[in-house]
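Structure record follows, encoded as structure tokens.
The values are calculated or read from the model by the stated rules, or taken from the named source; none is laboratory data. Please read these numbers as outputs of a predicted model, since none were measured by experiment. With ideal geometry, Cβ positions are generated from the backbone for all residues, glycine too; neighbour counts draw on all protein chains shown. Protein only, heavy atoms only, side chains kept; ligands, DNA and RNA dropped before computing areas. Shrake-Rupley method; radii C 1.70, N 1.55, O 1.52, S 1.80 Å.
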Amino acid sequence: MSSLPAEQVEKVIEEKEKELIRVKEELAALRKQLPSFMVKDYLLTTTEGTKVALSKLFGDKKELVVIHNMGKSCPYCTLWADGLNGFTKHIENKASFVLTSPDDYQKLDQISKSRGWEFNCLSTEGSTFKEDLGFKDENRNVLPGVSVLLKNDDGSIHHYTKAAFGPGDEYCSIWSLFELLPGGSGDWGPRNKY
């Protein structure tokens with residue numbers, strides 16, 4: 001692309017930002033077209049080692065946002081959780097909100113406390129929760145992302161929609177900030193300790 005005058009560049013940026021918003025709206029509409037399916041009332045494990053039914057995680061809300069974390073060994077998942085931690089109170093004002101991890105509850109307790117996470121964290125160890133919701137691949141590797149679950153008046157739970165997490169996605173604001181830097185995000189990757 002040849003060099004354009006600043007006014008033209010700003011106009012092109014504005015047009016691209018509007019296009020991006022339009023595409024995001026289309027994507028959100030498409031996600032809502034995914035077929036919902038019934039979800040079992042899984043027993044998950046709190047960071048204290050107590051079993052809790054999925055239905056109880058809704059509290060007084062009808063919607064539950066479930067983060068599918070890959071566990072302590074994934075610095076990318078830690079980055080997403082760190083970012084979402086700042087939004088916890090805002091999210092919980094609209095819907096219930098939890099993070100699930102394949103790690104055992106002791107490991108999950110350790111990392112959630114060390115990171116200062118304020119949302120509920122639950123271990124899915126010993127359950128088929130992640131697999132049943134589509135967050136394990138054919139090799140049984142855990143995948144990162146988010147699901148939205150709905151609790152109906154009769155107490156049944158349905159999976160409403162989902163999205164995958166990955167570098168550059170819209171669920172972790174750091175990537176957009178890094179793209180403003182001269183070198184972009186380059187080959188940067190998160191670490192659990194700097």
Among the listed pairs Lys18/Lys40; Lys72/Lys151; Lys107/Lys162; Lys113/Lys162, which have their C-alpha atoms separated by more than 31 angstrom in this model? Lys18/Lys40
For Val52 and Lys16, extending 7 Å from Cα along the Cα-Cβ vector and measuring point to point gives, in nm, a value of 4.3 nm
Counting Lys and Arg as +1 and Asp and Glu as -1 over every other residue whose Cβ sits under 12 Å from the Cβ of Cys77, the net charge comes to 0
Residue-normalised value, i.e. accessible area per residue, for the chain at 1.4 Å probe, in Å², stands at 62 Å²
Using DSSP H assignments, which helices in the chain have an axial alpha-carbon span of 20 Å or above and a mean Kyte-Doolittle hydropathy of -1.0 or higher? 6-31
Every cysteine in the chain with no other Cys Cβ under 4.7 Å from its Cβ, please list them in numeric order. Cys121, Cys172
P(r) histogram, all alpha-carbon pairs of segment 1-65 included - 5 Å bins from 0, percent: 3, 12, 11, 12, 10, 9, 9, 8, 7, 6, 7, 5, 1
List the residues, sorted by chain then number, that are 5 or more residues from Thr161 or on another chain and whose placed amide H is less than 5 Å from its amide H. Val148
Counting DSSP beta bridges with both ends in the chain, the antiparallel % (nearest 5): 70 percent
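Could you work out the percent of alpha carbon pairs in segment 89-194 separated by over 24 Å, rounded to a whole number? Write out the running numbers ahead of the final one.
On the way: 2115 of 5565 pairs.
Here the long-distance tail beyond 24 Å is 38 percent of all Cα pairs in segment 89-194.
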Given a 1.4 Å probe and the protein chains all in place, what does the accessible area of Ser173 round to, in Å² to the nearest 10? 80 Å²
For n ≥ 4 DSSP H runs only, could you compute -39500 (n - 2.57) per run for the chain, divide by its residues and tell me the 222 nm figure to the nearest 500? -10000 deg cm²/dmol
Within the accessible area of the chain (1.4 Å probe), percent carbon and sulfur: 54 percent
